[in-house]
1. What are the residues whose amide H is under 5 Å from the amide H of residue A:135, where those residues sit 5 or more places off or on another chain and H is modelled from the backbone?
2. Counting only protein chains, not ligands or nucleic acids, how are A:68, A:262, B:85 ordered by accessible area (probe 1.4 Å), most first?
3. In whole Hz, with x marking every Gly and Pro, tabulate ³J(HN,Hα) for segment B:202-215 from phi via Karplus 6.51 cos²θ - 1.76 cosθ + 1.60, θ = phi - 60°.
4. Name the residue farthest towards the positive end of the dipole of the protein assembly as shown from the options B:104, A:177, A:267, assuming +1 on Cβ of Lys and Arg, -1 on Cβ of Asp and Glu, about the Cα centre.
5. Scan around residue B:214 for amide H atoms under 5 Å from its own, H built in the peptide plane at 1.01 Å from N, and keep only partners 5 or more places away or cross-chain.
6. Give me a single rounded figure for A:241-250: the average over its residues of other chain Cβ atoms within 10 Å of their Cβ.
7. Under a plain spin-label model, where a point goes 7 Å from the Cα along Cα-to-Cβ, how far apart in nm are residue B:5 and residue B:137?
8. Mind grabbing the base-10 log of I(q)/I(0) for the protein assembly as shown at q = 0.10 Å⁻¹? Debye formula, identical points on the C-alpha positions, no solvent, two decimal places.
Amino acid sequence: MSATRSPKVSERVAPKPADPAPEKKKRGNDEDDGPDFGTLLRAWLESHRSSLLDSLRRLGKQPIGSFFTCLVMAVALSLPMGLSLLLSNVERLGGSWQRAAQISLYLKLDASSRDGEALRDQIKGIAGVAEAEFVSRDQALNEFQKQSGLGEALRELPENPLPGVIVVTPKEVDKPALEALRQRLAELPRVELAQLDLVWVERLAAILKLGDRFVFGLTVLLVSALLLVIGNTIRLHIENRRIEIEVIKLVGGTDSYVRRPFLYMGALYGFGAGVLSWGVLAFGLNWLNDAVIGLSGLYGSDFALAGVPPADGLSLLLGAVLLGYIGAWIAVARHLSELAPR
Amino acid sequence: MIRFEQVAKRYPNGHVGLHELSFRVRRGEFLFVTGHSGAGKSTLLRLLLAMERPTSGKLLLAGQDLGQISNAQIPFLRRQIGVVFQNHQLLFDRTVFNNVALPLQILGLSKVEVAKRVDSALERVALSDKAELYPGDLSTGQQQRVGIARAIVHRPALLLADEPTGNLDPRLAAEIMGVFEDINRLGTSVLIASHDLTLIARMRHRMLTLQRGRLIGDGEAGQ
């Protein structure tokens with residue numbers, strides 16, 4: 001034994017039950033009481049900062065490869081998001097759900113305007129009713145005269161044949177609920193007939209449900225593809241850094257230390273893909289808009305496609321970052337155990 | 001520092017790496033483990049690094065039972081150990097400085113502290129002027145010294161070396177052993193697995209001799 005000094009293990013090394021474990025502070029009497037919170041926090045932040053910078057540096061080293069990976073991910077994100085935005089626009093074009101599902105209550109001919117207004121106020125208080133509007137017999141006749149072009153002929157009639165109407169807008173569009181509401185309204189006094197065009201509602205619901213399902217299916221499919229793309233990309237990065245990972249593990253790097261740069265890399269790929277996807281959608285909708293404006297103008301409408309709302313764009317960006325992170329996590333979790341030092 | 005108590009290692013294919021090995025290493029001791037290829041030297045080092053677990057017996061390192069240690073504790077155990085490989089295991093896309101700094105970055109030390117300690121470690125292996133070079137720019141002996149600097153930079157309690165002079169000529173091998181002795185003089189326990197008996201004999205340290213996984217000799221080299 002040739003040692004001239006045999007210091008305690010704890011004097012020279014700082015193994016800690018947490019990662020990272022910064023150096024212990026030395027005191028005058030050579031005792032230590034572990035790092036304070038500030039030191040631990042700085043060490044943790046420094047570790048994250050260096051992982052983020054390292055990931056950025058590695059992506060920057062292969063700009064074309066990184067760009068194309070982001071582009072593939074952006075296409076996978078843009079398809080369902082673009083379809084979803086188009087569906088929202090179609091819904092806006094076709095009017096709101098509530099308008100399509102209005103219930104018309106035709107009042108008895110002997111019901112006065114005061115009866116109609118009282119009934120409207122009563123209906124407004126019923127659960128499930130969003131809005132109720134009363135159209136008196138005279139208003140109905142006036143509108144009919146204007147719209148039908150039969151003004152003169154109608155004036156010859158001995159009395160107004162049109163009943164008063166209360167137009168009820170439900171809060172929710174759900175077939176059983178609508179039918180139940182219709183039946184309840186039909187039983188009200190002075191109501192002759194409660195009419196709900198359920199066929200139209202059903203058709204619209206079916207079309208939109210189909211659209212929603214298609215978008216959902218496509219989203220699931222493309223999100224899976226996106227996870228595979230990011231997983232495979234991260235797997236290649238892991239393979240390229242196999243020796244580095246083995247060395248890091250041998251010199252005391254924890255799994256979370258090894259995992260961290262890859263997670264940042266996944267999140268950065270996701271961020272890049274999100275930005276690209278947002279740009280592609282904004283450009284695509286703008287490009288389509290000229291044709292849509294031209295077409296709607298032919299029908300006397302001023303309808304135009306809405307762009308990507310900022311909230312949707314931010315959700316897209318956040319979702320892309322999250323997907324990149326999750327994809328990287330799955331890839332690292334799968335491959336990290338295979339990279340035990342040999 | 002290290003206690004082997006009837007430690008055995010058997011592999012699933014039936015091969016026995018170590019047969020009920022028992023010995024102790026004191027803190028600050030310099031020790032060689034020697035034996036022919038397949039004697040169990042590497043198995044012994046792998047057990048100490050918790051890369052493998054003993055099949056039976058008790059293996060204690062700085063008071064920790066390596067047979068019972070959890071996977072989550074292994075990185076913290078390894079921070080008490082420095083390890084030098086025959087093939088250096090350097091990262092060729094990082095500078096010498098960054099190779100040596102790696103254990104300190106894992107510990108989360110500040111940049112100033114990292115720089116101070118890396119400079120000190122490189123000075124100890126006489127490579128201060130090579131900090132900004134890449135390992136590919138260095139000779140084999142210099143690469144090995146970078147590996148040693150990386151192994152000691154975090155001031156480990158124990159330094160393990162697996163055939164550290166295997167690829168070096170006798171002059172360089174003696175130089176590297178001199179570096180290990182310097183490190184040992186500062187209080188670090190040093191355990192070197194080597195089959196270079198000529199070199200070992202010149203150094204007059206304790207030597208364990210393994211043969212087919214059994215301890216067949218424990219005494220000072222050269223005697």
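1. A:165, A:166, A:167
2. Highest to lowest solvent-accessible surface, that is A:68, B:85, A:262.
3. Taking θ as phi minus 60°, the curve returns 6, 8, 6, 10, 4, 9, 9, 10, 10, 9, 6, x, 10, 7 Hz for segment B:202-215.
4. Result: B:104.
5. Those qualifying (amide H under 5 Å, at least 5 residues apart or on another chain) are B:19.
6. 5
7. 5.2 nm
8. -0.90
The values are calculated or read from the model by the stated rules, or taken from the named source; none is laboratory data. Just so it is clear, the structure is predicted and the values come from calculations on it, not from any experiment. Don't worry about glycine lacking a Cβ; one is built from the backbone with ideal geometry, like all the others, and counts go over all protein chains shown. Calculation scope for accessible area: heavy atoms of the full protein, side chains included, ligands and nucleic acids excluded. Shrake-Rupley method; radii C 1.70, N 1.55, O 1.52, S 1.80 Å.
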